[in-house]
Amino acid sequence: MECAQASLLADGRRLHLHHGPIDLIVEASGAGRTDAYVRATKRFESILNELVAELPMLRMRAQKGAIFSGAVARRMQQAVEPYCDKFVTPMIAVAGAVADEILEQIQQSPDLEKAYVNNGGDVAFYLADGQHVSAAIAALPGGRITLDSSGSYHGIATSGWSGRSYSLGIADSVSVVAKDAASADVAATMIANAVNLPNHPHVTRVPAVELSPDSDLGDLDVTTYVGDLSDVEIRSALHNGSGIAQACVDQNLIGGAILQLKQEYRQIGVPVIQQVCSKPIPEQELSYA
Amino acid sequence: MSQPAPKIRCDACPVMCFVAEGKTGACDRYANLDGQIVRCDPLTILNRRIAQGGEVTPFLKSEWDGSLVRDDEVFVTANGAGTTYPDYKPAPFIVSREVDGVDFVTVVTEAIFSYCGVKVKIDTDRHLGHEGAVVRSAGEAIGHVTTSEYGSQMLSLGGVDHLTGGSKAEGRVTCDSLMKLCNKEAVELTIDGGSTVVVQAGHAPIVDGHQEERMRVGCGSATIGMFASQWKGLVDEVVVVDDHITGVVSEHQAGKVLDWPDTGIKITGRRSTPGRYFQVAEPGLGWGGTNVDDPLSILGPWNPKKGAKPGLTMLMVSTTGEQFGYFVLDDALVPQKEELPDNLRPSVDLIAENCEPALCTVLFMGGAGGSLRSGVTENPVKLTRSVQALKTSVTCGGAPLYVWPGGGITVMVDVTRMPENSFGYVPTPALVAPLEFTVARDDYKTLGGHDSAVRSIGDILESGGEYGADIRAISPPEGSELNARTKR
């Protein structure tokens, strides 16, 4: 069986941590980099085994006040607490929580200017005073999210139906900025789930268990294809998601979100997008994605 | 899949996922292929080439000198745009891709070929169906009969309209048929108002249960032109029966230059030029792609005033030499069938010998536009132009391909030159195919890419290398279709 692996990427700057389904790209800059990578690697070693130990519980519907023993599992629980009235399992936050946990180790290194832990698009980052971080939004050509050290945000996460995790909704991409990656991860997933047109004939859905027999989503239908939608339908679906996003902002769960479906996008909360290509995206281009 | 899909437990990591048949586990690295856990990242391609005995040159492991790779035997990694396995999403790698001026990329998807199909060339004289007729697989429309080519019938299958524009069943069957054809498997196709044909890349077509042997040497007229001198003096008349142009040697220019005497023969059908006849019968599965089983049925009454006389001999032969008959006019000027004289047999055999083996060929055709969007370079159109200017070479599983001129990167590739099982699908439905861009480092910089991104392709191979303790290439198990599997 594989054990945790760590290697520097060919650029010599970034660290790649891999174990089973977890792939982290870590970058730290500043004099403390090597120290940071040593700490990250050491912490990473046992992280998957800790999660696996509590996996059956983590795959069950989240209960308010549930107690887990692993640090990452506790982060997951904390992140889903505000959403316990809906169907949600702590697994929804796993990617972000792992990123947060590793970032916390890294932050203990002295002399860091900036650091991030990117877990498949769910990112935890640290910025020393005066630093900023910039993320390209793949779904929006030319789109950038830039955050500086003055805010209280340390997490960005992205969710969408065609991504690695299953989505109940039809958003191509929902990117969320929040205080940590786990919170961003949960919110991005929940908002992406809400960008939806239930029973639309052009949306193909399959019970999650058919795709992954042990999915925490069980018999819930997950989106496997989104066909043609009219402008009105696109707006209506984005409206559904924007409502949830706004509620998350109002409850101070997230800083802001960018929701994208086909050629339209919406921005909720803190203005995080810097630039988006001004040309409308040709339909043909979009249907590749 | 009509049977309940078997699921198996993957023991590659502590998560121990149950993986359904044809799916990947949570890591997207290991998948259940026919009940076995296989690793499905670009290393598989590498391993498959090893299994095929192909030469492997992992240029990224050695110092790449920056020159363009032209040799199709050189291994080129599938640059995150393609795969060898259903549902494979190379997410672990794309997150490491660097883009100028940003710290990381938020990404949810990887591009696939929604716009793709296959062009099928079926070497046969037989009429398979009218141009534009719908081609079906398992009852679903998956394409149409397109413009025929010399000695071949052409099918155009797949495309976005059938993949995603029609019903769910149509999309699924289309995707499944395309994938099978591309993976060199046999697929039975029925043509509305026409034939049923079994198509398999690199194999002879089977038309309505009859396996084609030969591709014709030429049309009836061309055959006359090629062989007239060999028939002179051995026989009084030769008719080469062909649905396209039936040739008659005594009237044909090739006969005239040999001073071939008139025979008073009368051919039904529309005369094009002397000795060349269109539409002697209906298209079909008989002689020379006509519906004719009795070749005499294309003849009218013989004219004694123009040279017809008792005892006149005639050879009738199809364009492939598969059918032939020898006839002698009786006293009433009616042709009577007789044994083919030995001195004519070589000419019939020569026609057959000059025919090439009939084959089905399958070209995969797809547009690579989408895969460029997600970050090969910052400015995708530059890569497009670079490909069109032949500065960036594109390969499909290491096989050379033709880049269609004009906008975008639309490519065609002969699937028989690709590694086994190169094609997969996603439930979109759409095909997933390996696709590699190879560019000299200096050119890549001018494309708006940058050095580290060149190396990030290397990350994938490098990772494989560094995981060397965990990954090894092993030969395929005896009798197994698997060309590669990697397990600890």
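Kindly provide the set of residues from segment A:180-199 that are more than 10 Å from every other protein chain (Cβ to nearest Cβ) and either among the small types (Gly, Ala, Ser) or over 13 Å from A:Ala237 (Cβ atoms) (or both), ordered by number. Don't jump to the end; show me each part of the working.
Filtering segment A:180-199 down to residues more than 10 Å from every other protein chain (Cβ to nearest Cβ) leaves A:180-187, A:189-191, A:193-199.
Scanning segment A:180-199 gives A:Asp180, A:Ala181, A:Ala182, A:Ser183, A:Ala184, A:Asp185, A:Val186, A:Ala187, A:Thr189, A:Met190, A:Ala194.
Answer with yes or no whether A:Val177 is within 13 Å of chain B (Cβ to nearest Cβ), in a strand (DSSP E or B) and touching a Pro at 6+ places or on another chain (Cβ under 8 Å). It is false that A:Val177 is within 13 Å of chain B (Cβ to nearest Cβ), in a strand (DSSP E or B) and touching a Pro at 6+ places or on another chain (Cβ under 8 Å).
Here the condition is being among the hydroxyl-bearing types (Ser, Thr, Tyr), away from chain B (no Cβ under 12 Å) and part of a loop (DSSP other than H, G, I, E, B); of A:Ser215, A:Ser162, A:Ser150, it holds for A:Ser150 alone. A single member of B:Val207, B:Val199 is over 30 Å from B:Pro335 (Cβ atoms) and within 29 Å of the chain's Cα centre (by Cα), and it is B:Val199.
Among the strands (runs of 3 or more DSSP E) contained in segment B:133-191, which hold 2 or more residues that are without any contact (Cβ under 8 Å) to a residue 40 or more places away in the chain, farther than 19 Å from B:Leu285 by Cα and in the same structural domain as B:Asp123 (by TED's automatic domain parsing)?
Numbers: elements: B:134-137, B:140-149, B:152-158, B:187-191.
So the answer is B:140-149.
Of the numbered criteria (1) buried (at least 20 other Cβ atoms within 10 Å of the Cβ); (2) at pLDDT 90 or above; (3) not hydroxyl-bearing (Ser, Thr, Tyr), the one A:His239 fails is (1).
The combined condition, being touching a residue at least 12 places away in the same chain (Cβ under 8 Å), away from chain B (no Cβ under 14 Å) and closer than 26 Å to A:Arg235 by Cα, is not fulfilled by A:Phe68.
A residue that is at pLDDT below 70, surrounded by 17 or more Cβ atoms within 10 Å (Cβ to Cβ), touching an Asp or Glu at 6+ places or on another chain (Cβ under 8 Å) and outside any loop (DSSP other than H, G, I, E, B) occurs nowhere in segment B:377-391. For segment B:11-28, the set of residues classified as more than 7 Å from every other protein chain (Cβ to nearest Cβ), part of a loop (DSSP other than H, G, I, E, B) and under 30 Å from the mean Cα position of the chain (by Cα) consists of B:Gly22 only.
In the set B:Ser221, B:Ser272, only one residue is in a strand (DSSP E or B) and either among the small types (Gly, Ala, Ser) or touching a helix residue (DSSP H, G or I) at 6+ places or on another chain (Cβ under 6 Å) (or both); that residue is B:Ser272.
Among the residues making up segment A:45-65, those that are surrounded by fewer than 21 Cβ atoms within 10 Å (Cβ to Cβ) and either of a type in the set (A, V, I, L, M) or within 14 Å of chain B (Cβ to nearest Cβ) (or both) are A:Glu45, A:Ser46, A:Asn49, A:Glu50, A:Val52, A:Ala53, A:Glu54, A:Leu55, A:Pro56, A:Met57, A:Arg59, A:Met60.
The values are calculated or read from the model by the stated rules, or taken from the named source; none is laboratory data. Keep in mind that what you see is a predicted model, and the values were worked out from it rather than measured. So basically every Cβ, Gly included, is an ideal-geometry build from the backbone, and we count neighbours across all protein chains shown.
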